[in-house]
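Chemist: Just passing along the structure, written as structure tokens.
Values quoted throughout were computed directly from the atomic coordinates according to the rules given, and no laboratory measurement underlies them. Keep in mind the model is a prediction, meaning the values are calculated, not measured. Here the Cβ is made from the backbone with ideal geometry for all residues, glycine too, and neighbour counts use every protein chain on show.
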Amino acid sequence: MKLIFEKGRPGRGTDYLGPCDVPGIEIGGAKRERPLRLPEVSESEVDRHYSLLARHTHGVNDGFYPLGSCTMKYNPAVNEYAASLPGFTQVHPLQEADTAAGCREVCRRLEGMLCEITGMDDMSLQPAAGAHGEFTGLLLIKAYHRAMGHTGRNKILVPDSAHGTNPASASMAGFEVVSIASDENGFVDLAALQAAVGEDTAGLMLTNPNTVGLFDPQILEITRIVHEAGGLNYYDGANLNAIMGIARPGDMGFDVVHLNLHKTFSTPHGGGGPGSGPSGCKHFLSPFLPGKDTPESIGNVRSFGGNFLVAVRALAYLMTIGREGVPDAAKHAVLNANYMRVKLADLFPMAYDRICMHEFVMSLEKLKEETGVSALDAAKAMLDHGIHPPTMYFPLIVHEALMVEPTETETRETLDEAVEVLRGIWQAAHDDPERLHLLPRTTPVRRPDEVSAARNPRIRYDFEAVRG
Amino acid sequence: MATYVPVTREEEAFMLEACGLRQLDDLYGDVPSSVRLRTPLNIPSGMAEMGVRREMERLAGQNTVFPAVFRGAGAYRHMIPAIVDTVTGHEAFRTAYTPYQAEISQGVLQSIFEFQTDICELTGMEAANASVYDGACAAAEGCEMCRERKRSRILVSESVDPKILSVIRTYAFGRDVPVETVPLLNGVTDPAALAPLLKEDVSCLVVQQPNFFGCLEDLDALTQRAHEGGARIVVHCNPIAMAILKTPGECGADIAVGEGQPLGIPLSWGGPYLGFMACTAKLMRRLPGRIVGETTDAEGRRAFVLTLQAREQHIRREKASSNICSNEALCAMRAAAYLAAMGPNGLKQAALQCAAKAHYLQKALEEAGLAPVYPDQPFFHEFVTECPDAERLLAALRKEGILGGLPLAGKRMLWCATEMNTREEMDRAAAVVREVIRP
């Protein structure tokens with residue numbers, strides 16, 4: 001496909017500003033001498049260019065998106081309506097407080113609801129994404145230990161099933177990372193945890209339900225062990241969708257959490273952002289939150305108060321589904337996952353074959369041994385059926401993993417169709433495995449060469465190459 | 001209440017039976033009863049769309065939308081062509097995930113590749129990433145790119161926006177890295193004060209162009225000084241000003257970062273915005289976050305993929321160049337669509353109009369009695385004046401539907417004008433000033 005730089009002609013374009021109504025001036029300072037090679041295209045070319053790009057993009061509205069750990073639920077239209085109101089979009093972040101009372105009220109209400117759902121006492125909407133919220137939460141833990149004079153607490157415990165962001169965030173916050181083994185059920189190995197905690201423990205990072213889609217029933221034991229050793233418990237809210245309104249991290253012994261408004265609270269993912277990753281905490285950590293006028297505050301983790309328009313969408317969602325709808329969404333997310341799990345388990349061995357939460361992990365190790373068809377092949381085959389594949393090769397502790405998260409907003413028909421597609425792929429793997437290595441067939445491109453992309457990086461358009 | 005759960009009662013019973021369960025609660029056998037919520041959440045009951053809209057409209061109505069804005073300080077009101085909303089409003093762009101599955105994500109991937117190219121063009125640098133959370137985060141991540149084992153100290157000019165400095169300090173607290181500030185002389189970074197601060201443990205110098213007070217820094221001289229001291233330089237630059245000012249790349253900078261909000265993103269009370277990051281080819285593999293690269297597919301066709309992933313958290317875990325998983329893809333697409341619509345001439349016109357109007361406003365305010373604080377310094381679209389009674393002035397301007405400048409310490413005010421401000425508005429603002437500060 002042509003790049004926008006390969007379209008248009010020199011001198012083409014639309015005037016959006018009109019004439020300047022004050023005299024032009026020559027400002028001082030050094031001037032740009034390099035030519036500015038931006039696209040020179042008509043408005044209709046811009047329009048068609050992006051329409052074509054949109055046709056080459058698969059969103060939640062284009063079809064089923066059971067991408068494990070990402071909670072690709074429906075993004076309600078009313079959220080977009082609310083976020084497009086000029087009374088929200090046209091407000092300067094540094095306006096005097098009384099001229100932005102509505103914005104402040106949106107944040108106050110959302111923070112209150114998120115505290116209630118998580119069992120936390122205070123919340124900051126400043127972090128812009130989940131990873132950013134993790135970093136923020138870990139800085140709270142660091143600042144707390146500093147303030148208490150706990151100089152030696154420099155280690156964060158992270159289960160080996162954790163998402164890569166957890167150890168990366170801990171490292172950014174200056175901690176050493178200690179990996180904790182999982183037991184044969186995918187749960188935290190209590191003996192390993194007990195052996196790992198000590199006077200150097202700053203805290204533990206945990207998702208519950210965990211990354212294999214199971215709720216760790218030993219959760220109170222786990223958080224107790226860490227607390228008794230003098231550490232704090234960090235809750236990664238990536239999987240909150242399964243238990244919101246059913247159980248709260250704050251009641252399980254967690255001291256600090258981050259949420260993903262773009263997962264659990266239905267705000268769109270935008271092809272990779274903007275999201276929002278609020279940080280919540282118990283009272284004793286509250287003074288350390290970012291953006292606070294307290295001497296203990298860790299400072300700011302970004303300019304201004306947060307991804308405000310994302311907060312508007314999340315509030316619209318919570319106002320819509322309300323007290324009854326929150327646990328109802330969780331239960332149906334879990335029901336949909338279990339329904340798919342039992343319909344697939346005879347062909348696709350489950351990494352942990354028991355009632356799961358909002359997602360389950362299949363291992364295609366046996367299929368690969370028998371037919372040579374890998375989790376990647378199966379995922380690519382799904383593309384031809386208009387289904388976004390499940391998360392591949394995660395968590396790392398399961399071989400040939402496919403992690404399926406249907407979410408609560410899918411119909412039973414959609415789940416049944418996806419089950420049939422996966423069963424069909426299993427059959428095809430046994431009938432004609434070679435063909436599966438060549439899929440997909442119907443997508444705009446097929447299996448791009450990632451190795452040469454990384455070996456010989458071309459990460460911007462080469463204007464010179466064209467002229468030459 | 002309204003619901004987005006489509007499953008009917010009958011289907012629910014059928015599905016539970018398929019799972020060998022009797023009721024929804026049976027799904028939660030692993031949750032210890034002692035942590036199960038006994039009472040409903042203490043949040044309001046759900047509402048149908050009509051009620052939600054009414055309430056949201058009421059909340060939005062409690063904010064003041066100023067017809068005239070003379071405040072910037074990191075968030076700027078610019079003309080956004082309607083086409084930007086049109087093309088970025090496609091449902092697929094809005095609802096897609098990070099483009100892991102390249103075959104069905106070529107649209108998002110290509111738009112990011114085009115954004116990366118735009119950012120390289122604007123800054124004069126050789127490599128750019130897919131964007132980060134905002135401009136302040138971009139600056140903090142830029143500092144992290146410069147950190148070496150023996151060189152970790154960060155120098156930040158006092159002319160850098162205090163919000164950016166605050167974020168740099170927070171990130172530095174994480175890495176246990178010292179941060180020092182460089183004093184100013186007449187509104188710009190003082191080169192003489194810089195020299196003694198450039199000790200052997202300094203990793204980088206951070207400056208802003210134009211700086212927080214609107215003044216233009218001498219990037220050539222600062223870059224030279226930093227390099228002579230063995231440090232790198234991170235330039236936080238305004239993307240619209242880059243259409244007319246000497247770029248960080250032309251000045252020999254190592255890293256250029258900035259806030260992309262001026263490029264087609266509404267004020268939105270502070271977010272979502274867009275951090276952009278660019279660097280020399282040499283530093284490319286130190287960039288944090290997502291990067292899109294061009295390659296070919298199984299049939300030899302042009303294709304785009306997320307690349308250089310060996311830097312990233314899902315592979316390197318605690319050794320990754322950052323913990324970032326996402327970018328601000330939809331905001332980056334807005335910026336790319338804005339730049340495509342405006343084109344090189346349109347962007348230059350926007351920059352020239354900003355400069356012309358800011359200079360007109362500065363003159364008008366000066367004539368009305370607000371003296372400029374740095375009269376000899378060249379500036380782009382922001383400037384500082386003396387302002388004896390900011391509170392009274394802002395209140396009087398507000399009555400006219402005008403958001404005045406940002407009050408600064410020491411009875412000063414930071415003003416901004418963009419192409420959006422009309423001559424009539426500026427004259428009216430000056431008239432209010434004359435009225436308020438009349439002895």
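Chemist: Among B:G124, B:L361, B:G346, whose Cα projects farthest towards the positive end of the dipole of chain B, with charges put on the beta-carbon of Lys, Arg (+1) and Asp, Glu (-1)?
Modeler: The Cα lying farthest towards the positive end belongs to B:L361.
Chemist: Would you calculate a helix-derived [θ] at 222 nm for chain B, using -39,500 (n - 2.57) for each DSSP H run of n ≥ 4 and dividing by the full residue count, to the nearest 500?
Modeler: So the helix-based figure for chain B works out to -12000 deg cm²/dmol.
Chemist: Right, next: Peptide A:372-379: average number of partner chain Cβ atoms within 10 Å per residue? Write out the running numbers ahead of the final one.
Modeler: Numbers: counts 0, 0, 0, 0, 0, 0, 0, 2.
That works out to 0 on average.
Chemist: Helices from chain A with mean Kyte-Doolittle at least -0.5 and a Cα length along the axis of 27 Å or more, per DSSP H: which? Write down the numbers at each step before the final one.
Modeler: Numbers: long enough: A:308-344 (41 Å, 0.53); A:412-431 (28 Å, -0.47).
Taking the DSSP H segments of chain A (at least 27 Å long, mean hydropathy at least -0.5), we get A:308-344, A:412-431.
Chemist: For B:W415, A:W426, B:W269, what ranking results if the residue with the fewest other Cβ atoms within 10 Å of its Cβ goes first? Before the final figure, lay out each step's value.
Modeler: Working: B:W415 25, A:W426 19, B:W269 29.
Least to most surrounded, the residues fall as A:W426, B:W415, B:W269.
Chemist: Separation between the A:V451 and B:A371 pseudo-spin-labels, each 7 Å from Cα along Cα→Cβ, expressed in nm?
Modeler: 7.1 nm
Chemist: How do B:V305, B:V132 line up, fewest other C-beta atoms within 10 Å first?
Modeler: Sorted ascending by nearby Cβ count, the order is B:V305, B:V132.
Chemist: Once a ≥ b ≥ c are taken as the square roots of the eigenvalues of the Cα gyration tensor of chain A, is the result rounded (a/c under 1.5), prolate (a/b larger than b/c) or oblate (a/b not larger than b/c)?
Modeler: Cα axes put chain A in the oblate bin.
Chemist: To make sure I understand, if each residue's beta carbon is the centre and we count other beta carbons within 10 Å, what order do B:S166, B:S131, B:S105, B:S34 fall in, fewest to most? Before the final figure, lay out each step's value.
Modeler: Values: B:S166 20, B:S131 33, B:S105 30, B:S34 10.
Listing B:S166, B:S131, B:S105, B:S34 from fewest to most nearby Cβ atoms yields B:S34, B:S166, B:S105, B:S131.
Chemist: Ignore the peptide's own chain and count Cβ atoms of other chains within 10 Å of each Cβ in A:387-397; give me the average, rounded.
Modeler: Details: counts 1, 6, 4, 0, 2, 2, 1, 1, 0, 2, 0.
Mean number of neighbouring Cβ atoms from other chains: 2.
Chemist: How long are the semi-axes of the ellipsoid equivalent to the protein assembly as shown, from square roots of 5 times the Cα gyration tensor eigenvalues, in whole Å, largest first? Present the calculation step by step, with values, prior to reporting the outcome.
Modeler: On the way: eigenvalues 398, 183, 152 Å².
Taking √(5λ) for each eigenvalue gives 45, 30, 28 Å, largest first.
Chemist: For a quick check, take a GNM of chain B with Cα springs below 10 Å and name the residue from B:E12, B:E259, B:E91 with the largest mean-square fluctuation.
Modeler: In the Gaussian network model the winner is B:E12.
Chemist: Considering only DSSP beta bridges with both partners in chain A, what is the antiparallel share in %, to the nearest 5?
Modeler: 50 percent
Chemist: To the nearest 20 Debye, how big is the dipole of segment A:324-453 about its Cα centre, given +1 on the beta carbon of each Lys and Arg and -1 on that of each Asp and Glu?
Modeler: 120 debye
Chemist: Given chain B, what percent of its DSSP beta bridges are antiparallel, to the nearest 5?
Modeler: 55 percent
Chemist: How far is helix B:390-399 tilted off the main Cα axis of chain B, in degrees rounded to 10, range 0 to 90?
Modeler: 70 degrees
Chemist: Cα axis of helix B:9-18 to longest principal axis of chain B: angle in degrees, 0 to 90, nearest 10?
Modeler: Taking Cα atoms only, the helix is inclined about 70 degrees.
Chemist: Given the options B:S203, B:P262, B:P248, identify the residue whose Cα lies farthest towards the positive end of the charge dipole of segment B:82-336 (+1 on Cβ of Lys, Arg; -1 on Cβ of Asp, Glu).
Modeler: Toward the positive end, the furthest listed residue is B:S203.
Chemist: Could you tell me whether segment B:119-263 comes out rounded, prolate or oblate from its Cα gyration tensor? Rule is a ≥ b ≥ c as square roots of the eigenvalues, rounded for a/c under 1.5, then prolate if a/b exceeds b/c, otherwise oblate.
Modeler: rounded
Chemist: If you average the sequence gap of Cα pairs under 8 Å that are 6 or more apart and divide by the length of chain A, what percent do you get for the contact order?
Modeler: 18 percent
Chemist: Under the definition of Cα pairs under 8 Å and six or more residues apart, what whole-number percent is the relative contact order of chain B?
Modeler: 20 percent
Chemist: Applying a 10 Å radius around every beta-carbon, put B:282-292, A:135-145 in order of their mean neighbour count, most first.
Modeler: Highest-to-lowest ranking by the protection proxy: A:135-145, B:282-292.
Chemist: In peptide B:226-232, how many Cβ atoms from other protein chains are near each Cβ within 10 Å, on average?
Modeler: Average neighbour count from other chains, rounded to a whole number: 0.
Chemist: Cα atoms only: what Rg and Dmax, in Å, come out for segment A:77-318?
Modeler: Cα-based Rg and Dmax for segment A:77-318 come out at 17.8, 57 Å.
Chemist: If the viscosity is 1.306 mPa s and the temperature 10 °C, what Stokes-Einstein diffusion coefficient in µm²/s follows for chain B when Rh is the Kirkwood radius over Cα pairs?
Modeler: 65 µm²/s
Chemist: A further question on this structure: Helix B:329-368 versus the longest principal axis of chain B: what is the Cα-based angle in degrees, 0 to 90, to the nearest 10?
Modeler: 30 degrees
Chemist: Holding the Cα-Cα limit at 30 Å, pick out from A:K73/A:K155; B:K246/B:K357; A:K263/A:K292 the pairs that are longer than that.
Modeler: Pairs exceeding the cut-off: A:K73/A:K155.
Chemist: Whats the longest run of chain A with zero GluC sites (Glu not before Pro) that are DSSP loop and have at most 11 other Cβ atoms within 10 Å?
Modeler: Numbers: sites that count: A:E26, A:E33, A:E184, A:E199.
The longest such stretch corresponds to A:200-468.
Chemist: Given the options B:K411, B:K348, B:K363, state which has the largest fluctuation in a GNM of chain B using a 10 Å cut-off (strictly under) for Cα springs.
Modeler: In the Gaussian network model the winner is B:K411.
Chemist: Taking B:K411 as the anchor, which lysines have their alpha carbon closer than 20 Å to its alpha carbon, excluding any fewer than eight residues away along the same chain?
Modeler: B:K163, B:K363
Chemist: Taking 8 Å as the Cα distance limit and 6 or more residues as the minimum spacing, I'd like the relative contact order of segment B:82-336 as a percentage.
Modeler: That works out to 27 percent.
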